[in-house]
1. Determine, yes or no, whether residue 191 is at pLDDT 95 or above and closer than 25 Å to residue 113 by Cα.
2. Does the range 27-46 hold any residues that are modelled with pLDDT of 80 or more, open to solvent by 10 Å² or more (accessible area, probe 1.4 Å) and within 24 Å of residue 104 (Cβ to Cβ), and which are they?
3. Being in contact with a helix residue (DSSP H, G or I) (Cβ under 7 Å, 6 or more places away or on another chain), open to solvent by less than 30 Å² (accessible area, probe 1.4 Å) and touching a residue at least 60 places away in the same chain (Cβ under 8 Å): is that true of residue 85 here?
4. Condition first: out of contact with any His (no Cβ under 8 Å at 6 or more places or on another chain) and open to solvent by 40 Å² or more (accessible area, probe 1.4 Å). Now tell me which residues in the range 1-15 satisfy that.
5. Mind counting the residues in the range 24-51 that are closer than 25 Å to residue 263 by Cα and not small (Gly, Ala, Ser)?
6. Just name the residue that is surrounded by the fewest Cβ atoms within 10 Å (Cβ to Cβ) out of those in the range 146-198 that are among the basic types (Lys, Arg) and part of a helix (DSSP H, G or I).
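The values are calculated or read from the model by the stated rules, or taken from the named source; none is laboratory data. Since the structure is predicted, the reported quantities are computational estimates derived from the model, not experimental observations. Using ideal geometry, Cβ is built from the backbone for each residue, glycine included, and neighbour counts are taken over all protein chains shown. SASA here: full protein model, heavy atoms, side chains in, ligands and nucleic acids out. Shrake-Rupley method; radii C 1.70, N 1.55, O 1.52, S 1.80 Å.
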Amino acid sequence: MVNVEKFIRTRKRLKISQMSLCVNICTQATLSKFEKHKQVPAIDIMILLCERLGLTLNDIFPIHVTLKTTSNEQVLALAMKALFYQNLVKYNQLMKQVDIANLLDSEQYTYQLLQYFSLVFFQKNDVKATKLLKKIDVSQFNQLQQLLFYAITIHYYYQQGFFDKAEKIFNDVWRHQQNITVADRSGFQAAIIYLLAQYQMSLKNYKYAMMLATYGINFINDSDGTYFLENLFWLLIEASDIWHNQDFIVNEMINNARMIAKFHKNESILNKINQRKKDI
């Protein structure tokens, strides 16, 4: 029922190894199980794997097989990846492709969460974010979605000047984040940790920000991902200016941040790196 052979033939024709294909999508073990007919990965993983090979889901799954996926679900999965990479041009293009009138409930929750993240953190548009908040039913989110929602809300309250509320939510999110034991490769936890670290940086709690950034880098490395990795390196770079770390350490972090930002097409971090170079 699943055309695994076509998937494998395409990968080999393109001379892409399992290891290369998996980068930033899933573990090699997950792909290996799929190619051995042992396990079909989650739909968001399949979308990204097929996209990398230039295939569609219909190439791998016969159309008459019910995949329980929709065009909106596919677009939202790609939009979330673009947002987590901070490729905001691609993110905005994808969000315009969403058929809002035909969103399923689960898709509506994802759509709203992505909008909220973008409005608060990247656009800093508190007016539109406030209007959106009135429509969001947090109780319908899963655990990671709820944590990400509240991590974003920390910045919403901070930007509004509600510092006590921001601090309370920070403590709650950080406590719950530490208690999560399920492995997450979706990028949600990386986003949460980065938002927590950036909040502490905004407060000029540089030591705390560095601790969270280091924690995040280690977490991301363990999960074989790169979501928000350049941002966490950049936080360490900014904090290093305060603590006067040795130049070779800072230069290594800059190189790491630049390399990952180029891969993600994260223009914000690339611009900050280039501006830093001009200022020196």
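1. Working: at pLDDT 95 or above: yes; closer than 25 Å to residue 113 by Cα: yes.
Yes, satisfied.
2. Here is the first cut: in the range 27-46, the residues modelled with pLDDT of 80 or more are 27-41, 45-46.
From what's left, open to solvent by 10 Å² or more (accessible area, probe 1.4 Å): 27-30, 32-33, 35-41, 45.
Answer for the range 27-46, where residues must be modelled with pLDDT of 80 or more, open to solvent by 10 Å² or more (accessible area, probe 1.4 Å) and within 24 Å of residue 104 (Cβ to Cβ): 40, 41, 45.
3. Numbers: in contact with a helix residue (DSSP H, G or I) (Cβ under 7 Å, 6 or more places away or on another chain): yes; open to solvent by less than 30 Å² (accessible area, probe 1.4 Å): yes; touching a residue at least 60 places away in the same chain (Cβ under 8 Å): yes.
In short, yes.
4. Here is the first cut: in the range 1-15, the ones out of contact with any His (no Cβ under 8 Å at 6 or more places or on another chain) are 1, 3, 5-15.
Those that are out of contact with any His (no Cβ under 8 Å at 6 or more places or on another chain) and open to solvent by 40 Å² or more (accessible area, probe 1.4 Å): 1, 3, 5, 6, 9, 12, 13, 14, 15.
5. Let us first name the residues in the range 24-51 that are closer than 25 Å to residue 263 by Cα, namely 24-32, 41-51.
Checking the rest, the ones that are also not small (Gly, Ala, Ser) come to 24-28, 30-31, 41, 43-51.
Of the residues in that region, 17 qualify.
6. Residues of the range 146-198 among the basic types (Lys, Arg): 165, 168, 175, 185.
Within this subset, residues satisfying the condition of being part of a helix (DSSP H, G or I) are 165, 168, 175.
Values: 165: 15, 168: 13, 175: 9.
That would be 175.
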